[in-house]
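The values are calculated or read from the model by the stated rules, or taken from the named source; none is laboratory data. This structure is a prediction, so every number in the text was calculated from the model and none was measured. Ideal geometry is used to build each Cβ from the backbone, glycine not excepted, and the neighbour counts take in all protein chains shown. Please note that ligands, DNA and RNA were not included when accessible areas were found on the heavy atoms of the full protein model with its side chains. Shrake-Rupley method; radii C 1.70, N 1.55, O 1.52, S 1.80 Å.
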Amino acid sequence: MDLYDIKELLPTLEPFIKKLNVTKLLPPIVLMTQGRDSHLPSDDDDLDDDDNLSGEGEEGESDGELQTGNQGLKAKSEISTPRGSSGLSHISADDSIRYGIHTGPEINMKVPGNHLDFGQILPSLGELEEFSVTYQLRNCGTDFRWNIYGMTSRDGDYLAVGLKSSKMLRKFSIWKSNLDDDKFYDIYDGLKNLTRLEVLEFSNNFLSDESATSLVRILNCNQIVHLDLTNNAFTSGGAEILAKFLLSAESKCKLKRLLFSLNNLRSEGCMHLCEALVKNRTLCHLDISSNRLDSKCAKHIAKMLRANQTLRVLNLSNNNLGPEGGTEISRGMALNSTLQVLDLRLTFCGKDVDLATQAKLLSNKSKPSGWSIRDELREKLVTSRARAGDIVPRQ
């Protein structure tokens, strides 16, 4: 719809809209002259309009004339179809401008355009609590262009203006939009003052370690319990920054779910997170699958499992931990009484390790709430002395 039509509806819809989920955006409108193109006839061509249609030269000879000898068949000219014009000849010029459908060669395929201005929409939705958006078009058909996938810097400015006024927002998600560090800095001003924000999702983008510091500032200013950074470009440097936040700002940290899958943390980044979780008492769900971890980080994971008493879900799948790493993790699980889900698929730890950890997880699930490592050790002591014939009363 046109922006003006949407603004006319907003006063009526404002009291009822709590959640806005944008799964696609129409292509950006870019009406720029493309200039001379190799696929289109140029001003220097000797062929006039009649020659293009009839295929005859100035002297009446056919352009498709047969050439004998070793050269074989040869055509003097080739006719190409302008890009973006196939299958769209029935669309009028007004509709193409209104709906962002490009029907002619005047479109500059390399220059990105700006999408819908959320800076004029979000301020009118005072009751909005959840906002999810992706800057892409589904089922584009023959009208394919790279600039319909991803947001621009101006889109980031629009979004920042709209987010500043969304004081009731609890969940914000921008996914699959080619969001990089520069564009994230554009929307940072709109996010840092949202004190009610609880869920923040940036999956399937291009954020790197440069955005980690800004993310920590947002976490310090809000009540965020869920952070999704799946499939980005973070390395051990970004993991170290987040680990320091989990460790040093424990009194302010309320983060319970951290999704770090499909990044490039490697063993060094895993080590930083595990050292923070030794003392952290808030995080309950950690996903570091598909991060190129190896057996070097297994001892840090085992140390964290022995000391941590709050983590409930740990995903280590699709990392080359190997049998040695699996043995270390199994030893750490032997003294853990709180973890209930441990994903070791495609880690090459071995079947024995998998069976031992699954048995321990079932035992942890059967424990009553509030069960601790001290209770676990006391239970083992009582069992061992009972087998030896001694009677030790339980406390």
In what order, largest first, do V133, V161, V278 sit by accessible area if the probe radius is 1.4 Å? V161, V278, V133
Before anything else, pin down the relative contact order of the stretch 196-288: Cα pairs under 8 Å, at least 6 apart, normalised by residue count, whole percent. 30
Sort T152, T142 from largest to smallest accessible area, using a 1.4 Å probe on the heavy atoms of the protein chains. T142, T152
Simple spin-label estimate for L346/C221, 7 Å along Cα→Cβ, in nm, reads 3.8
Counting only protein heavy atoms with a 1.4 Å probe and every protein chain in place, the carbon and sulfur fraction of the accessible surface of the stretch 109-235 in whole percent equals 47
At R0 = 25 Å, FRET efficiency that the Cβ-Cβ distance of R306 and T213 yields, to 0.05: 0.20
To the nearest 10 square angstrom, how much accessible area does R312 have with a 1.4 angstrom probe? 90
